[in-house]
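Note sheet for the following structure.
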Amino acid sequence: MPKFNEPVAPHSANLSYEQLIQGWPAFEAQILALLETLDLADKALVCDHVALRVNSIASADALRDAFSRIGKIISDNIINGRTILIIELDTPLTLGQFSIACVELPYPSDKVYPQEGWEHIELVIDSKAKDYNT
């Protein structure tokens, strides 16, 4: 089983879709181990999205193109001065019991990440709360 500090995708000047797919099993194992450690594995959580981190515009553009072939961009916004895309996949990714329909692809900022690739998932608690504003 991978340790929490092991890379989840190879670092390169231009991160490719193929590298991400190759890194998915290690990322999945790390996330599932963390959920066990935090005692969240059996909770009723929903995975909203999985996020990436890239250091180059070339990588972001290549991943945008690759993910656009297997999904559609449902959000393209400038947040804190950089483009952040949300791509809804035609076929969701599977991570343990989670079905992940969306990938968050932030374009790089001034920050350089020590490791490019899969970065995190966002889990939410399913709520029965009513929206009284509508």
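What follows draws every value from the coordinates through simple rules; no lab data is involved. Given the structure is predicted, the values throughout are model-derived calculations rather than measurements. Please note: Cβ atoms are built from the backbone with ideal geometry, for glycine as well, and neighbour counts cover all protein chains shown.
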Q) Going by the alpha-carbon gyration tensor, a ≥ b ≥ c the square roots of its eigenvalues, is the chain rounded (a/c under 1.5) or, if a/c is not under 1.5, prolate (a/b greater than b/c) versus oblate? A) oblate
(Q) I need 131, 42 ordered by Cβ neighbour count within 10 Å, fewest first. (A) 131, 42
Q. Taking a quarter of the surface of the convex hull around the Cα atoms of the stretch 78-134, what do you get in nm²?
A. 6.6 nm²
**Q.** Footprinting exposure proxy for 53, 69, 82 (fewest neighbouring C-beta atoms within 10 Å first)
**A.** 69, 82, 53
Q | Packing-based exposure ordering (other Cβ within 10 Å, fewest first) of 84, 121 | A | 84, 121
